[in-house]
Amino acid sequence: AQKITQTQPGMFVQEKEAVTLDCTYDTSDQSYGLFWYKQPSSGEMIFLIYQGSYDEQNATEGRYSLNFQKARKSANLVISASQLGDSAMYFCAMREHIYGGSQGNLIFGKGTKLSVKP
Amino acid sequence: SAVISQKPSRDICQRGTSLTIQCQVDSQVTMMFWYRQQPGQSLTLIATANQGSEATYESGFVIDKFPISRPNLTFSTLTVSNMSPEDSSIYLCSGTRGNTGELFFGEGSRLTVL
C-alpha cells in the first residue's frame, strides 16, 4: 500500500485564487512529520511547509498553509492568492518514527502538477 | 536554510560509461541522502550516505551500480556506473538539519544517457 497518496495528477487554478492540493498518508506511527515540496521545471526541490503529528495547530508559512486532519490522515496544502510562479510540481512527503529526533529519509507521493492561469 | 551544492547540473553520457556526481553541504547538515527521480516520476531514495563507512542502500539499489562515498561530514559523491538509457534521471543530493529534520536538496543533476 502506498504511504503517501496524491490523487490529483494535475490541477489548474486562476491567478489570485486559492487552491488546495490533496495528500493522504498511511502510517501506524504516532510520531511522524509531513512535508510539502515544490519542484519547478528547473528540477530543484524547494521545501514549503512542515507539520508534526503532535502539532495542534495547522502549519502556515506565508501563502502556504497545511490543512492537517489527523483522524482522516490527510495533510492538504492550501496556496492562497496563486501566482504564475506557483506553477510547478508539488510533492507531499512523510517521515515516520520522528520521536527522539529521528532524521531518516522521507517517503514521497507521486506529486501534483499545478498550473496557474493568468 | 542549509546550502547544498551539486555538480554537474546536467550531462549527456554514452552508454557503458560512468559518471560521478559531487555534493557539498554546509556544516550544519547531519544526514545525507541520494535520491533518483526518473522522468515524470516521484523521488526514490537510493541510499543514505554514511560518513566514513559504506552507504546504506535501499531495496533495488546496489553498491556496484551506485557506489557512494562520504569521506567527511560535508562532502559526498554518487557514481552511476556502466550507464544505460534507463539511468536517465535527475539525481538529487539531500541533507537533514534542525529539529524537524527538514530535508534540503541540491539543485539536482540531470543525466541523459544515449
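The values are calculated or read from the model by the stated rules, or taken from the named source; none is laboratory data. These figures come from a predicted structure and were not determined experimentally. Note that we place each Cβ from the backbone using ideal geometry, even for glycine, and neighbour counts take in every protein chain shown. Just so you know, the surface numbers come from the protein's heavy atoms only, side chains and all, with ligands and any DNA or RNA stripped out. Shrake-Rupley method; radii C 1.70, N 1.55, O 1.52, S 1.80 Å.
Taking chain B as a whole, which cysteines find no other cysteine Cβ under 4.7 angstrom from their Cβ?
Taking the Cβ cut-off of 4.7 Å, the unpaired cysteines of chain B are B:CYS13.
With each pseudo-label sitting 7 Å past Cα toward Cβ, what's the B:ARG15-A:ASP29 distance in nm, one decimal?
Distance between label points: 4.1 nm.
Nearest 100 Å², what total accessible surface is buried between chain B and chain A (probe 1.4 Å)?
1500 Å²
In whole Å, what is the distance between the alpha-carbon centres of segment A:1-48 and segment B:42-88?
Cα centres, segment A:1-48 to segment B:42-88: 26 Å.
Taking the solvent-accessible surface of protein heavy atoms with a 1.4 Å probe, what is the per residue accessible area of the protein assembly as shown in Å²?
That works out to 48 Å² for each residue.
What are the ³J(HN,Hα) couplings of segment B:24-34, residue after residue, when phi is run through the Karplus curve with 6.51, -1.76, 1.60 and θ = phi - 60°? Round to Hz, x for glycine and proline.
Per residue, the Karplus-derived 3J(HN,Hα) values read 10, 10, 7, 5, 8, 6, 9, 8, 10, 9, 10 Hz.
Ignoring ligands, DNA and RNA, please state the percent of accessible area on chain B from carbon and sulfur, probe 1.4 Å.
Roughly 48 percent, rounded to a whole number.
So if we plug the beta-carbon distance of A:LYS117 and A:SER41 into 1/(1 + (r/R0)^6) with R0 = 22 Å, what FRET efficiency do we get, rounded to 0.05?
Calculated value: 0.85.
Per residue of B:32-42, count partner chain C-beta atoms within 10 Å of its C-beta, then hand back the mean as an integer.
What the average comes to for B:32-42 is 3.
Ignoring any ligand, DNA or RNA, what whole percent of the accessible area of segment A:1-84 comes from carbon and sulfur when the probe is 1.4 angstrom?
46 percent
I'd like the Karplus ³J(HN,Hα) series for segment A:111-118: coefficients 6.51, -1.76, 1.60, θ = phi - 60°, whole numbers in Hz, and an x wherever there's a Gly or Pro.
My calculation for segment A:111-118 gives x, 10, 8, 9, 10, 9, 9, x Hz in order.
Collect residues whose amide H, placed 1.01 Å from N in the peptide plane, falls under 5 Å from the amide H of A:ALA18; neighbours closer than 5 in sequence don't count.
A:ALA81, A:SER82
Under 8 Å for C-alpha pairs, at least 6 residues apart: give me the relative contact order for chain B, rounded to a whole percent.
About 37 percent, as a whole number.
Taking R0 as 30 Å, what's the FRET efficiency between A:THR60 and B:SER27 from their Cβ-Cβ distance, rounded to 0.05?
Taking R0 as 30 Å, the efficiency between A:THR60 and B:SER27 is 0.50.
Only Lys, Arg, Asp and Glu count, each charged at its Cβ (+1, +1, -1, -1), so figure out the dipole size of chain B about its Cα centre, rounded to 20 debye.
Result for chain B is approximately 160 debye, rounded to the nearest 20.
Once you've got the GNM for chain B with C-alpha springs shorter than 10 Å, pick whichever of B:SER84, B:SER59, B:SER69 has the biggest mean-square fluctuation.
Looking only at B:SER84, B:SER59, B:SER69, the largest GNM fluctuation is found for B:SER59.
For chain A, which longest stretch is free of loop sites, where a loop site is one of the chymotrypsin sites (Phe, Trp or Tyr not before Pro) that DSSP puts outside H, G, I, E and B and that has at most 13 other Cβ atoms within 10 Å?
By the stated rule (loop sites, at most 13 other Cβ atoms within 10 Å), A:1-53.
Beyond a 25 Å Cα-Cα separation, which of these cross-linked pairs lie in this structure: A:LYS73/A:LYS113; A:LYS117/B:LYS7; A:LYS70/A:LYS117; A:LYS3/A:LYS117?
A:LYS117/B:LYS7; A:LYS70/A:LYS117; A:LYS3/A:LYS117
Please give, to one decimal in nm, the separation of the simple spin-label points placed at B:SER53 and A:GLN8, each 7 Å out from Cα toward the Cβ.
A separation of 4.4 nm, rounded to one decimal place.
Tell me the chymotrypsin sites (Phe, Trp or Tyr not before Pro) within segment B:21-114 that lie in a loop according to DSSP and have at most 15 other beta-carbon atoms within 10 Å.
Loop-located and lightly packed - none at all.
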